[in-house]
Every structure is written in structure tokens, then in C-alpha cells.
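The values are calculated or read from the model by the stated rules, or taken from the named source; none is laboratory data. If you're wondering where the values come from, they're calculated on a predicted model, not measured in any experiment. Glycine gets a Cβ as well: all are built from the backbone with ideal geometry, and neighbour counts include every protein chain shown.
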Amino acid sequence: MPLKIALAGNPNSGKTTLFNALTGSNQTVGNWPGVTVEKKEGKLKGHKDVTIVDLPGIYSLSPYTLEEVVSRNYLIGEKPDAIINIIDGSNLERNLYLTTQLTEIGIPVIIAINMMDIVNKNGDKINIEKLSKSLGCEIMEISALKRMGISELAAQAVKTAQNGKSRSAKLAFQSEIEEALKAISGKLPGGIAEEQKRWYAIKLFERDEKILEQMTAVNVEEIILAVEDALDDDSESIITNARYNFITSIIKGSYVKKSSSKITTS
Ligand code: BGO
């Protein structure tokens, strides 16, 4: 059965280097529908029936840049069989912000921690087992530049895509928000796949302009206002802060920076 695997990550995470390593010279370049953002696809080396779709480099799945909109429209609309989320291991905290969103859209995610040559050289330590547990995803360590761990990543990505099951998101928001998301989910129009309901509910809670335009008949303003009142913040910041708090808590348990453990004498 043909499989599609999307490659997603922050700009400068090494996505192009990884895409080239996974596909070799077997690539086609075009544009995403209706926009002049480049779309690259390629067959996974050694797997004629597996297509890797390179998404634009993004920091988030918000509706504010063309790249983010293209990426999320593809992920939500086309539902690839899996996502390889490449993250820069030397910049773990910042890169995980996107990860917390990719794991919410009902598609299996494999995380490829890139730049491991730099992480190792710096003497930093990532506890992969703990991080994997906290995020609910398989994690592979790679260096796209040094071509390290690429075949293992490819094999795991195919396996995950074939299996087809996404695990549920590990980020649980505080109870007021979870209750609001539940109430919003109950108001979603018919025809939305079960595994995508949480993503849509979060976007509506954030008053995502693109999703509000799509769902003009859904009125969730009262639900949002009640939470904003209770937590004394606007709904978009409430979600953003919760993501950063989650990331801080999991980094604490799974990442040790060598330099931070040194005792300074100055
Ligand atoms: C330059 N390890 C190391 N050390 N570097 C890596 C790795 C890795 O595993 N993977 C990628 N890089 P892109 P996006 C560069 O271009 O694939 C490097 O934006 C330079 N260029 O080589 O382009 C990669 O597609 C001059 O570095 O990322 C590239 O996600 C000096 O990370 C950069 C130093 O990779 C971004 C680096 C003229």
C-alpha cells in the first residue's frame, strides 16, 4: 500500500539535509496549491511506495504565516500516514513548541532529534526514553549532516506509518481549559474525524481566524469568555503558556546541559 510521510520542523532544524538524505536524487519540486511556496516530494530510498512530503519550515500551526497555513492545511486535509518531526537537539526547548501541536492532530508522529553530533560534542545529555514517554512518540537520534541514524529513522517511520495509529496527545491543559475544549468539541459540525476533534476545539478556543471562517455556524464565544475571565488572560496566550509550561516540565526531567552543571567562579 502506498504511504505518505510528511516531514515537518522549524526552519534551520536540518530539514532540507534530512529530506535529501531520505530521498537522494529522487525528488520533484512544485508549488503548494494557490501559493508560491515551494513543495518538494520524493520517494524514500529503497521504498518505491513511500513518498516523503517536505513541509515548509515552521514554528507553529497558527494561521499567521503562509507556511504555517500551507502546512496545517496539508496535515489536516490530506492526513498523511505519519509525520517525521525533525527537531534541532541543540535547541530542544524552542523546537518542542511545534511538536506539542503536531502531536494533537491525530497523525502518528516520529521525532527525529537532529544535530546529535553537536549535542554529543557539547557533552549534553538527552534522556530519549523519558522524553519519548512524556511526548508519547517514538524518538530517533540522528545527524542529517553526518548521515547518522538515517536508515534507522526511515525504517521506524515506515513502521509507524504502516501501523497507522496515533497515540493521544500527552499535553493535558488545566481543568478549566479541558472542560471548555470538551464543550467546544460537542458543538463541532458533523463530518469531522474523531481524531481531529481536539485540534479543531483548541483552534476554536484560540479564536483561530481561519477555522472560525470555516465554521461560522459554531458559536463558542461564551465558553471562551468564561475561561478567559476565570484565568484572567486571553485564550490564545492561555494555550501558548500551557505549551511552554509543559515543555519546561518535560525538559527538566530529560535534558541535562553540560555547561549548566558547571560551577562558575566569577
Ligand atoms: C549550513 N549536524 C550539524 N552539525 N549540522 C547540521 C545537521 C547535523 O546533523 N543537519 C543540518 N545541519 P538545513 P532547514 C551552514 O548550511 O538542512 C546544518 O532550514 C552553512 N551554510 O548543514 O538547510 C546544515 O532546511 C555555513 O548548515 O535546514 C545547514 O531546516 C556554515 O544546519 C544548517 C554552517 O540545515 C541548516 C552551516 C552555508
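Just one of the listed residues (130, 203, 159) is in contact with a Gly (Cβ under 6 Å, 6 or more places away or on another chain) and part of a helix (DSSP H, G or I), and it is 130. Take the residues of the stretch 50-83 that are outside any loop (DSSP other than H, G, I, E, B) and small (Gly, Ala, Ser): which is farthest from the chain's Cα centre (by Cα)? If we take residues in the stretch 50-83 being outside any loop (DSSP other than H, G, I, E, B) and small (Gly, Ala, Ser), then 77 is farthest from the chain's Cα centre (by Cα). All of (1) modelled with pLDDT of 95 or more; (2) away from the ligand (no atom under 11 Å from the Cβ) hold for residue 35 with one exception: (1).
Among the residues of the stretch 69-76, is there at least one that is under 26 Å from residue 246 (Cβ atoms), surrounded by 17 or more Cβ atoms within 10 Å (Cβ to Cβ), more than 16 Å from the ligand (Cβ to nearest atom) and basic (Lys, Arg)? Yes, the stretch 69-76 contains at least one residue that is under 26 Å from residue 246 (Cβ atoms), surrounded by 17 or more Cβ atoms within 10 Å (Cβ to Cβ), more than 16 Å from the ligand (Cβ to nearest atom) and basic (Lys, Arg). From the set of residues in the stretch 113-133 that are touching a strand residue (DSSP E or B) at 6+ places or on another chain (Cβ under 8 Å) and within 30 Å of residue 204 (Cα to Cα), which is surrounded by the most Cβ atoms within 10 Å (Cβ to Cβ)? Selected residue: 131.
When we screen 67, 138 for residues that are free of Cβ contacts under 8 Å to residues at least 40 places away in the same chain and more than 28 Å from residue 34 (Cα to Cα), the only hit is 138. Against the definition (in a strand (DSSP E or B), over 30 Å from residue 257 (Cα atoms) and within 17 Å of the chain's Cα centre (by Cα)), how does residue 107 come out, yes or no? For residue 107, the condition - in a strand (DSSP E or B), over 30 Å from residue 257 (Cα atoms) and within 17 Å of the chain's Cα centre (by Cα) - is not met.
Within the stretch 6-43, track down each residue that is surrounded by fewer than 20 Cβ atoms within 10 Å (Cβ to Cβ), in contact with a strand residue (DSSP E or B) (Cβ under 9 Å, 6 or more places away or on another chain) and over 15 Å from residue 74 (Cβ atoms).
Of everything in the stretch 6-43, those that are surrounded by fewer than 20 Cβ atoms within 10 Å (Cβ to Cβ), in contact with a strand residue (DSSP E or B) (Cβ under 9 Å, 6 or more places away or on another chain) and over 15 Å from residue 74 (Cβ atoms) turn out to be 12, 16, 17, 20, 24, 25, 26, 27, 28, 29, 43.
In the stretch 28-44, the residues that are in contact (Cβ under 8 Å) with a residue 12 or more places away in the chain form Cβ pairs under 6 Å with partners that are surrounded by fewer than 17 Cβ atoms within 10 Å (Cβ to Cβ) and assigned to a loop (DSSP other than H, G, I, E, B), at six or more places apart or across chains, as follows: 42/26; 43/26.
Residue-level check: of (1) free of Cβ contacts under 8 Å to residues at least 24 places away in the same chain; (2) touching a strand residue (DSSP E or B) at 6+ places or on another chain (Cβ under 8 Å); (3) within 25 Å of residue 192 (Cα to Cα), residue 3 misses just (1).
The residue that is surrounded by the fewest Cβ atoms within 10 Å (Cβ to Cβ), counting only those in the stretch 44-65 that are among the aliphatic types (A, V, I, L, M) and away from the ligand (no atom under 16 Å from the Cβ), is 44.
For the stretch 1-23, which residues satisfy the criterion of being assigned to a loop (DSSP other than H, G, I, E, B) and either away from the ligand (no atom under 15 Å from the Cβ) or touching a helix residue (DSSP H, G or I) at 6+ places or on another chain (Cβ under 7 Å) (or both)?
Going through the stretch 1-23, the residues assigned to a loop (DSSP other than H, G, I, E, B) turn out to be 1-2, 10-14.
1, 2, 10, 13 - these are the residues of the stretch 1-23 that are assigned to a loop (DSSP other than H, G, I, E, B) and either away from the ligand (no atom under 15 Å from the Cβ) or touching a helix residue (DSSP H, G or I) at 6+ places or on another chain (Cβ under 7 Å) (or both).
For the stretch 183-218, the set of residues classified as surrounded by 11 or more Cβ atoms within 10 Å (Cβ to Cβ) and among the polar types (S, T, N, Q) consists of 185, 196, 214, listed by residue number.
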